[in-house]
């Protein structure tokens, strides 16, 4: 595959907006709450700067770990199939486990039944979803999206679906079908 194909087939990375949300939720909000509480109590008992510093240090470390995991959002091709890696989750799929004949590109605005509805084990921030979800249609799915509406839905023979957001969903579907021997 040439570099242009690789970019079209790769999962769309988390946006700067999603990274900002992560920082605000993991670092900014907890530190602001603890600092506000300490400042409110401070007039009576003195401000516990060590508490604010401890929370800030812990939240900064947690943010650094999660921000690193946010960059772990990729799709790898190997001779037998594909590997989806996103934040805490990694799963290999043989091409024979993918129902490529039923797979399709979906637009969530037109097909809301494929929209992730209930996060059962995953990470969700505005503009980024990763992990295990129940779709609105009730199916269980491994989701790796970065806020887009046009996604690739692939049912598997393992009892769950894949919902991915590559740069070009149609090109990825065609590549997988080509790798799988042209299954339509």
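Would you pick out the residues in the stretch 103-138 that are loosely packed, with under 13 Cβ neighbours inside 10 Å and touching a residue at least 40 places away in the same chain (Cβ under 8 Å)?
109
In the stretch 142-163, which residues are assigned to a strand (DSSP E or B) and more than 15 Å from the chain's Cα centre (by Cα)?
Kept after step one, since they are assigned to a strand (DSSP E or B), are these residues of the stretch 142-163: 142-145, 150-156, 161-163.
Selection gives 154, 155, 156.
Scanning for something part of a helix (DSSP H, G or I) and within 18 Å of the chain's Cα centre (by Cα), does the stretch 164-176 turn up at least one residue? Walk me through it before giving the result.
Residues of the stretch 164-176 part of a helix (DSSP H, G or I): 169-176.
Filter once more, keeping what is within 18 Å of the chain's Cα centre (by Cα): 169, 172.
Yes, because at least one residue in the stretch 164-176 is part of a helix (DSSP H, G or I) and within 18 Å of the chain's Cα centre (by Cα).
Only one residue in 119, 92 is part of a strand (DSSP E or B) and within 27 Å of residue 178 (Cα to Cα), so which one is that? Outline the logic, then answer.
Details: 119 fails: within 27 Å of residue 178 (Cα to Cα).
Every option except 92 fails the conditions.
Residue 102 - would you say it is assigned to a loop (DSSP other than H, G, I, E, B) and touching a strand residue (DSSP E or B) at 6+ places or on another chain (Cβ under 9 Å)?
Details: assigned to a loop (DSSP other than H, G, I, E, B): yes; touching a strand residue (DSSP E or B) at 6+ places or on another chain (Cβ under 9 Å): yes.
So residue 102 passes the test.
Filter the stretch 68-89 down to the residues that are surrounded by 15 or more Cβ atoms within 10 Å (Cβ to Cβ) and assigned to a helix (DSSP H, G or I) and list them by number.
69, 70
Would you point out which residue out of 127, 81 is within 21 Å of residue 8 (Cβ to Cβ) and in contact with a strand residue (DSSP E or B) (Cβ under 6 Å, 6 or more places away or on another chain)?
Numbers: 127 fails: in contact with a strand residue (DSSP E or B) (Cβ under 6 Å, 6 or more places away or on another chain).
Step by step, each of 127, 81 is checked, and only 81 is within 21 Å of residue 8 (Cβ to Cβ) and in contact with a strand residue (DSSP E or B) (Cβ under 6 Å, 6 or more places away or on another chain).
Read-outs throughout are calculated quantities, based only on the coordinates presented, and are distinct from any laboratory measurement. It should be emphasised that the depicted structure is a prediction, and the values quoted were computed from it without experimental measurement. Neighbour counts run over all protein chains shown; Cβ positions are idealised from the backbone, glycine included.
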